[in-house]
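Just below is one structure, and these are the notes that go with it.
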Amino acid sequence: MTDKARRFPLSLSALADKPFKSSFGTFSSRRTIATPQTATKNSAQDSQRRSNQLTPAAAALKQAPSNLTAGALPDALRRAMVARLVKQGITNRAVLTAMELVPRHLFMEPGFSGQAYVDASIPIGYQQTISQPYIVARMLEILCNGRTLNRVLEIGTGCGYQATVLSQVAKEVFSIERIKPLHELAKSNLRPMRIANIRLHYGDGMLGLPQAAPFDGIILAAAGLEVPRILLEQLSLGGRLVAPVGAQQQQLQLIERISKSEWSSVALEQCHFVPLRPGTA
């Protein structure tokens, strides 16, 4: 791997140049934030337009059984979460739409559902957490970089939330979980949503999924001291890998494959994740 960073760190200004619309109204490159009152008005006006533009994965969420219906309060909380993400610097329209669509509270224990839309990681058992909304959106925005993702690999399925958000911005999502009960939990969470473009696997995430490679995006939900070489080999040319790296002090790292035997890397910002571990449990 080289230390070249000719195109890094990522410039998100290009994504911010064009205004976009969501149910929270229009956001400009100056990141003017709409209010919840604006959201209420714009949501009604925008609902028909958005329903005509849903991806198959998004349509699956919309057509989920009635017991998955989020209700007015969670919908409003998700819109408020999206407004906060914009204020924090997230500009990718597809990522923001996915974050607004996916019901985060359905992926956690009822006792924690009241905290589902605060910007914090939440325990999901087995010493694992569901990542905070900002870091999910940030990693996906880096991974997308303004392009449509075809095949993406996620290391660390957890409860299935991030895989579900990924399913809204990628054509195919492969996700690996090393902890069997969490793999089963993710399957249980996703089954009633009937999202066809997610493939869940139980196994050692540090080995990746060579039988499904190459991937134009790989995302890690746990931090290692370094990114395993075998994962880098599973990137397609021009593919991107986003991962937390480090022990006590972790940094979000972006790696891009620039040739058959060459990768560029750059450290982006501080973060905090559970440790990346080998094997299965």
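The values are calculated or read from the model by the stated rules, or taken from the named source; none is laboratory data. Computed from a prediction, not measured in an experiment: that's the story for all the values here. Here the Cβ positions follow ideal geometry from the backbone for every residue, glycine too, while neighbour counts run over all protein chains shown. The protein model used for the area step is the full one, side chains on, heavy atoms only, and it has no ligands, DNA or RNA in it. Shrake-Rupley method; radii C 1.70, N 1.55, O 1.52, S 1.80 Å.
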| query | Tell me, how many Å apart are the Cα centres for the stretch 97-132 and for the stretch 145-224? | reply | 17 Å
| field | Rounded, prolate or oblate (a/c below 1.5 giving rounded, otherwise prolate when a/b exceeds b/c) for the stretch 116-201 by Cα gyration tensor | value | oblate
| said: Given a Förster distance of 51 Å, report the FRET efficiency between Glu262 and Leu73 from their Cβ-Cβ distance, rounded to the nearest 0.05. | reply: 0.55
| task | Would you mind classifying the stretch 127-281 by shape? Square roots of the alpha carbon gyration tensor eigenvalues, ordered a ≥ b ≥ c; an a/c under 1.5 is rounded, otherwise it is prolate if a/b is larger than b/c and oblate if not. | result | rounded
| task | Compute the relative contact order of the stretch 95-216 as a whole-number percentage, counting only Cα pairs closer than 8 Å that sit 6 or more residues apart in sequence. | result | 23 percent
| query | How high is the relative contact order of the stretch 188-281, in percent, counting Cα pairs under 8 Å that sit 6 or more residues apart? | reply | 26 percent
| field | Square roots of 5 times each gyration tensor eigenvalue, C-alpha, the stretch 69-148, largest first, Å | value | 21, 15, 10
| field | Under 18 Å from Lys260, Cα to Cα: aspartates and glutamates that are on another chain or at least 8 residues apart | value | Asp3, Asp216, Glu233
| query | At what distance in nm do the modelled label points of Gln115 and Gln248 sit from each other, each positioned 7 Å from its Cα along Cα→Cβ? | reply | 2.5 nm
| From the phi of every residue in the stretch 158-174, what ³J(HN,Hα) in whole Hz does the Karplus formula 6.51 cos²θ - 1.76 cosθ + 1.60 yield, where θ is phi - 60° and glycine or proline is x? | x, 8, x, 5, 5, 4, 5, 5, 4, 5, 7, 10, 10, 6, 9, 10, 10
| Accessible-area order (highest first, 1.4 angstrom probe) of the listed residues Val266, Val82 | Val266, Val82
| task | Might you work out the accessible area of Ser113 for me, using a 1.4 Å probe with all protein chains in place, and round it to the nearest 10 Å²? | result | 40 Å²
| What list of ³J(HN,Hα) values in whole Hz, one per residue of the stretch 272-281 in order, does the Karplus curve 6.51 cos²θ - 1.76 cosθ + 1.60 (θ = phi - 60°) give from phi, with Gly and Pro shown as x? | 8, 10, 5, x, 7, 10, x, x, 10, 9
| query | If amide H atoms are built 1.01 Å from N in the plane of the peptide, which residues on other chains or at least 5 residues away come under 5 Å of the amide H of Ala223? | reply | Val274, Leu276
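Probe radius 1.4 Å, ligands and nucleic acids ignored: give me the carbon and sulfur share of the accessible area of the stretch 123-234 as a rounded percent.
Details: 2120 of 4120 Å².
Carbon with sulfur: 52 percent of the solvent-accessible area.
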| remark: Under the Karplus relation with 6.51, -1.76 and 1.60 and θ = phi - 60°, whole-Hz ³J(HN,Hα) for the stretch 255-267, x at Gly and Pro, equal 10, 10, 7, 10, 7, 4, 10, 9, 10, 10, 9, 8, 8
